Amino acid sequence: MLDIWTKGLNDLDKTAIETTIKKNRTLLDRINVICEMKIKELEVSALADYDSPSWAYRAADKEGQKRALRYIISLTKAERNT
């Protein structure tokens, strides 16, 4: 779990957040699976993607989406990443 979940919280709120996260492990694991599936979808490049003059913008957008999904995955991982 990243420290950002509890950054700036008092001890009581920090404990409440940590408990909530631990109790919702099944949901967070499912979110990870969904994000991984979406990343795989984004990594598949169709030849039609390159037919557009704005293909570079589309590629950059896909990379941005993948970066955001990876951040969500890092937020929902069970292990502690500081």
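(i) 37, 10, 7; (ii) 35, 14, 7; (iii) 22, 17, 12: which one is semi-axes √(5λ) of the Cα gyration tensor in Å as calculated from this entry?
The calculated read-out lines up with (ii).
Add -39500 (n - 2.57) for each DSSP H run of 4 or more in the chain, then divide by its residues: what number comes out at 222 nm, to the nearest 500 deg cm²/dmol? Write out the running numbers ahead of the final one.
Details: 3 runs with 54 residues, N = 82.
Calculated mean residue ellipticity at 222 nm is -22500 deg cm²/dmol.
Among 24, 35, 4, flag the residue with its Cα farthest along the positive direction of the charge dipole of the chain, charges on Cβ as +1 for Lys/Arg and -1 for Asp/Glu.
Positive-most Cα among the choices belongs to 24.
Assuming a strict under-19 Å limit between Cα atoms, what lysine pair count do you get for the chain once near-sequence pairs (fewer than 8 apart, same chain) are dropped?
Lysine pair count for the chain: 14.
Are there any trypsin sites (Lys or Arg not before Pro) in the chain that are in a DSSP loop and have at most 10 other Cβ atoms within 10 Å? List them by number. Can you show the working numbers first?
On the way: sites: 7, 14, 22, 23, 25, 30, 38, 40, 58, 62, 66, 67, 70, 77, 80; in loops: 7, 77, 80.
Answer in residue order: 7, 80.
Since every read-out is calculated from the coordinates, none of them should be taken as a lab result. Treat the numbers as computed from the prediction; the structure is a model and nothing was measured. Methodologically, a virtual Cβ is constructed for each residue, glycine included, from the backbone with ideal geometry; neighbour enumeration extends over all protein chains shown.
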